[in-house]
1. Of all residues being in a loop (DSSP other than H, G, I, E, B) and of a type in the set (Asp, Glu) in region 35-66, which is nearest to the chain's Cα centre (by Cα)? Just the residue, please.
2. I'd like to check something: does region 10-26 contain any residue that is hydrophobic (A, V, I, L, M, F, W, C), out of contact with any Cys (no Cβ under 6 Å at 6 or more places or on another chain), part of a loop (DSSP other than H, G, I, E, B) and modelled with pLDDT of 95 or more?
3. Where residues in region 96-113 are over 19 Å from Gln123 (Cα atoms), surrounded by fewer than 16 Cβ atoms within 10 Å (Cβ to Cβ) and not acidic (Asp, Glu), which of them is nearest to the chain's Cα centre (by Cα)?
4. Name the strands (runs of 3 or more DSSP E) wholly within region 83-149 that hold at least 1 residues that are in contact with a Ser or Thr (Cβ under 6 Å, 6 or more places away or on another chain) and basic (Lys, Arg)?
5. Go through region 114-137 and give me each residue that's under 30 Å from Thr5 (Cβ atoms) and either within 17 Å of the chain's Cα centre (by Cα) or among the hydrophobic types (A, V, I, L, M, F, W, C) (or both).
6. Of the conditions (1) in contact with a helix residue (DSSP H, G or I) (Cβ under 8 Å, 6 or more places away or on another chain); (2) without any contact (Cβ under 8 Å) to a residue 24 or more places away in the chain; (3) within 17 Å of Tyr93 (Cβ to Cβ); (4) not small (Gly, Ala, Ser), Arg74 clears all except one; give me its number.
Amino acid sequence: MAQRTPEQDLADLRALNARFIRNFVSNDVPSHSAITHPRFLCISPRGERQDRADYLRDWAHGFDPDVIIYWDVRDEDIALFGDVALVRATNKYVRVIDGNAVTGMTAYTDTYIHEGGRWLCIQAQLTAVAMEHWPGDDTIIDTWLRGVLQPQPPSVAQT
């Protein structure tokens, strides 16, 4: 097996973060299950702890394109600590609630562990972001409108 490098680890984790988001937007439970550790835990913005089984059960219907009409990923930051990595980013959303469009942002930190030759997400923690701390649009990586990935301008796609 080839020696791991920090550059390869960062590329792998960037790809896993993109897969994590695609899994959410497409409600893809099998793909998401494959990248979550058996001892995975999710901590919601309200502090609720959800085990892997409940989390994956909710994953099957977590994204509704008629409710979440806009979704983006921005401000990605990945930090390596040996066999542990923190993948941090922010999602901006527009959700239709009782006929009204509500805009907000949620920051997340996904903790990965390198185990058995691959990275697995062992914890996801979500935090509501106050408007004064919203990252700018210049940090957008990907954007979905009603669940459809939008093409990014070359200046964004190449960063």
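1. So in region 35-66, the residues in a loop (DSSP other than H, G, I, E, B) come out as 35, 44-48, 60-66.
Now restrict to residues that are of a type in the set (Asp, Glu): 48, 64, 66.
Values: Glu48: 18, Asp64: 16, Asp66: 20 Å.
Among them, the one singled out is Asp64.
2. no
3. Residues of region 96-113 that are over 19 Å from Gln123 (Cα atoms), as a first pass: 96-105.
With surrounded by fewer than 16 Cβ atoms within 10 Å (Cβ to Cβ) added as a condition, the list becomes 96-104.
Imposing the further condition that a residue be not acidic (Asp, Glu) reduces the set to 96-97, 99-104.
Values: Val96: 21, Ile97: 22, Gly99: 26, Asn100: 25, Ala101: 22, Val102: 20, Thr103: 18, Gly104: 15 Å.
Within region 96-113, the match that is nearest to the chain's Cα centre (by Cα) is Gly104.
4. Numbers: elements: 84-97, 100-115, 118-128, 140-145.
Because the criterion is at least 1 residues that are in contact with a Ser or Thr (Cβ under 6 Å, 6 or more places away or on another chain) and basic (Lys, Arg), the strands (runs of 3 or more DSSP E) in region 83-149 that meet it are 84-97.
5. Here is the first cut: in region 114-137, the ones under 30 Å from Thr5 (Cβ atoms) are 114-125, 135.
Selection gives Trp119, Leu120, Cys121, Ile122, Gln123, Ala124, Gln125, Pro135.
6. Among (1) in contact with a helix residue (DSSP H, G or I) (Cβ under 8 Å, 6 or more places away or on another chain); (2) without any contact (Cβ under 8 Å) to a residue 24 or more places away in the chain; (3) within 17 Å of Tyr93 (Cβ to Cβ); (4) not small (Gly, Ala, Ser), Arg74 violates only (2).
Residue by residue, here is whether (1) within 24 Å of Gly117 (Cβ to Cβ); (2) in contact (Cβ under 8 Å) with a residue 24 or more places away in the chain holds:
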{"site": "Glu7", "(1), (2)": "yes, no"}
{"site": "Leu13", "(1), (2)": "yes, yes"}
{"site": "Asn17", "(1), (2)": "yes, yes"}
{"site": "Asn23", "(1), (2)": "yes, yes"}
{"site": "Thr36", "(1), (2)": "yes, yes"}
{"site": "Ile43", "(1), (2)": "no, yes"}
{"site": "Arg49", "(1), (2)": "no, no"}
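The values are calculated or read from the model by the stated rules, or taken from the named source; none is laboratory data. All values reported here derive from a predicted model rather than from experimental measurement. With ideal geometry, Cβ positions are generated from the backbone for all residues, glycine too; neighbour counts draw on all protein chains shown.
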